[in-house]
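Colleague: Please read through the structure below; I'll follow up with questions.
The values are calculated or read from the model by the stated rules, or taken from the named source; none is laboratory data. None of these values were measured; they are calculated from a predicted model. Every residue, glycine as well, gets a Cβ built from its backbone with ideal geometry; the counts of neighbours run over all protein chains shown.
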Ligand SMILES: Nc1nc2c(ncn2[C@@H]2O[C@H](COP(=O)(O)OP(=O)(O)OP(=O)(O)O)[C@@H](O)[C@H]2O)c(=O)[nH]1
Ligand SMILES: [Mg+2]
């Protein structure tokens, strides 16, 4: 059988399960996941290799309206993710009523030259009696190639989706080496692992105002020395991140370290520092330093 490859952009509202879906298809963790919206901030490529296919998934931030420069960057990431693709997956949360705005965005995407699938996720949280009338609304969208009902979290119904994705992979170029899982650096993955733990451990706006810079990653043979600075927006956020007698920072450090050790398959010594940079999400310079540079899109 001939070799085929291609790019699949994955878009949708925040928190619908885009990153969970990509991780489930690839079978490895490429993109962080949390119950909070706006978990993904970058365009992240995740490579799925099979014997005859190389399929590059493009994870994107959830579509949302926001006023900071970081929000602008996230919006631009979505736009640049849909350039030169072979297929687009529009992910919806099947446990919630279908929004008019979703139907509008879906039909706009369906007007493009690439094929579009609607992927209704989280069907484990609902029943088909409720879902069917919603699905009929999707059937009215012109040019929509197909609709899939899945549960990314439970790996349910992924096979038909995966098989149909393959049908649209028409390139014959190997874009990535077999062992390359993503376009991102190890430093980026480490910073994301820390941010993921913070999204799970901290509430409300605190983790949304967090940005991480890896200051040092040194191979010390028996372990990896990693030093990172956590930037937050306000002095009281810094107090929350550190916690009483440093308890929260200790917890963040421990859970991040375990995740990073698993990722690097190596012991890790993780030193975390917390600094305040007022309103950094609106500061071009620091945005670029933290990994949100528009020039790199
Ligand atoms: N019950 C259920 N939960 C799911 C499913 N898929 C994802 N989730 C949960 O939904 C939440 C959001 O998942 P993510 O994968 O981070 O969603 P996302 O669309 O990438 O979110 P953003 O990056 O913020 O746009 C997490 O708590 C997931 O565990 C599913 O099929 N069923
Ligand atoms: Mg995501």
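Colleague: Among the candidates 10, 47, which residue alone is at pLDDT 95 or above, within 12 Å of ligand 1 (Cβ to nearest atom), part of a strand (DSSP E or B) and in the same structural domain as residue 86 (by TED's automatic domain parsing)?
Modeller: Being at pLDDT 95 or above, within 12 Å of ligand 1 (Cβ to nearest atom), part of a strand (DSSP E or B) and in the same structural domain as residue 86 (by TED's automatic domain parsing) holds for just one of 10, 47, which is 10.
Colleague: Still on this structure: Filter the helices (runs of 4 or more DSSP H) completely within the range 119-233 down to those with at least 1 residues that are more than 19 Å from the chain's Cα centre (by Cα).
Modeller: Qualifying helices (runs of 4 or more DSSP H): 128-139, 158-166.
Colleague: Scan the range 160-190 residue by residue and report those that are within 18 Å of residue 94 (Cα to Cα) and surrounded by fewer than 16 Cβ atoms within 10 Å (Cβ to Cβ).
Modeller: 160, the sole residue that qualifies.
Colleague: Which of the residues spanning the range 80-114 are in contact with a strand residue (DSSP E or B) (Cβ under 8 Å, 6 or more places away or on another chain) and in a loop (DSSP other than H, G, I, E, B)?
Modeller: 82, 84, 85, 86, 94, 98, 112, 114
Colleague: In the range 250-263, what residues are touching a residue at least 24 places away in the same chain (Cβ under 8 Å) and crowded, with 18+ Cβ neighbours inside 10 Å?
Modeller: 252, 256, 259, 260
Colleague: Given the criteria surrounded by fewer than 24 Cβ atoms within 10 Å (Cβ to Cβ), in contact (Cβ under 8 Å) with a residue 12 or more places away in the chain and near ligand 1 (Cβ under 8 Å from one of its atoms), does residue 62 qualify?
Modeller: yes
Colleague: Here's another thing I want to ask about it. Outside the structural domain of residue 31 (by TED's automatic domain parsing), over 24 Å from the mean Cα position of the chain (by Cα) and either surrounded by 15 or more Cβ atoms within 10 Å (Cβ to Cβ) or in a helix (DSSP H, G or I) (or both): is that true of residue 275 in this structure?
Modeller: no
Colleague: Please go through the range 50-65 and pick out each residue that is under 18 Å from the mean Cα position of the chain (by Cα) and either more than 16 Å from ligand 2 (Cβ to nearest atom) or in a loop (DSSP other than H, G, I, E, B) (or both).
Modeller: Scanning the range 50-65 gives 55, 56, 60, 61, 62, 63, 64, 65.
Colleague: Continuing with the same structure: Scan (1) closer than 21 Å to residue 156 by Cβ; (2) surrounded by fewer than 18 Cβ atoms within 10 Å (Cβ to Cβ); (3) within 15 Å of ligand 1 (Cβ to nearest atom) for the single condition residue 94 breaks and write down its number.
Modeller: For residue 94, the failing item is (2).
Colleague: For residues in the range 118-161 being touching a helix residue (DSSP H, G or I) at 6+ places or on another chain (Cβ under 7 Å) and in contact (Cβ under 8 Å) with a residue 40 or more places away in the chain, which is farthest from residue 22 (Cα to Cα)?
Modeller: 149
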